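Report on the following structure.
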Amino acid sequence: MKIRFTIFDKEYWRSISANEFDQWGEDVSGYFELRFGDHIEGEYCDFFMPEELLGGESLDYWFSSLLEALYLFQSKKTNYVAIRVIEYVDRWLEIKREKTQICLNVARASDPRETEALLLTSQIHDPVYEPSLDTMENYDSFYQEITNAVIKYLSEMKNLNPDLMKARAFVRLLNYLHDLENK
């Protein structure tokens with residue numbers, strides 16, 4: 001698996017305080033892409049593209065969801081996680097841990113109404129795979145890719161504005177990393 005991302009609105013992030021970030025319910029957006037096997041989920045551009053042309057993803061959402069998945073796998077609380085793909089009501093990134101391997105799929109819920117209350121560890125009832133990818137990845141490589149991407153993200157945000165590391169969203173990511181290192 002490979003993660004690529006770009007942070008939008010860098011000038012804005014340089015000028016906001018951690019307190020303002022928390023009070024205003026800010027969310028860092030950017031390009032976000034997950035590659036596994038031959039599948040690409042999300043968007044990433046290697047060249048300049050005006051942000052408004054492609055929209056963007058919540059980087060906070062993806063990084064916190066992926067770190068939470070690692071935390072759940074490491075603490076052996078589950079061997080299954082489903083992360084909702086933000087733009088879709090019924091599209092999920094399904095991750096299953098099988099000993100030293102991770103199996104990745106993109107699933108659609110057969111009834112989108114049923115997925116409104118799904119938790120990260122809830123099994124998707126009667127999922128539809130179009131097609132079934134069943135991409136197998138080494139767990140250690142999967143773990144390293146996620147933690148390295150989060151560290152890079154935090155480093156870039158810290159370089160833009162060190163005060164933001166005090167905001168709840170960044171403290172949560174730092175706490176997950178700390179907890180994972182100590183498992």
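The values are calculated or read from the model by the stated rules, or taken from the named source; none is laboratory data. Keep in mind it's a predicted model, so treat the numbers as computed, not measured. Cβ placement follows ideal geometry from the backbone for every residue including glycine, while neighbour counts extend to all protein chains displayed. Side chains included, ligands, DNA and RNA excluded: accessible areas come from the protein's heavy atoms. Shrake-Rupley method; radii C 1.70, N 1.55, O 1.52, S 1.80 Å.
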Problem - Residue selected from the stretch 9-48 under the condition over 19 Å from Trp92 (Cβ atoms) and within 16 Å of the chain's Cα centre (by Cα), by the criterion surrounded by the fewest Cβ atoms within 10 Å (Cβ to Cβ) - result: Asp27
Exercise for the section: Consider only pairs whose beta carbons are under 6 Å apart and that are at least six residues apart or on different chains; among these, list those whose first residue lies in the stretch 104-123 and is closer than 27 Å to Asn138 by Cβ and modelled with pLDDT of 60 or more and whose second residue is open to solvent by 30 Å² or more (accessible area, probe 1.4 Å) and of a type in the set (Lys, Arg). Expected result: Arg108/Arg91
Handout entry: Extreme residue, nearest to Leu66 (Cα to Cα), among residues of the stretch 156-183 that are over 17 Å from the mean Cα position of the chain (by Cα) and open to solvent by less than 70 Å² (accessible area, probe 1.4 Å)
Key = Asp179
Practice task
Please enumerate the residues belonging to the stretch 122-145 that are surrounded by 17 or more Cβ atoms within 10 Å (Cβ to Cβ) and closer than 14 Å to Ser110 by Cβ.
Solution key: Ile124, Pro127
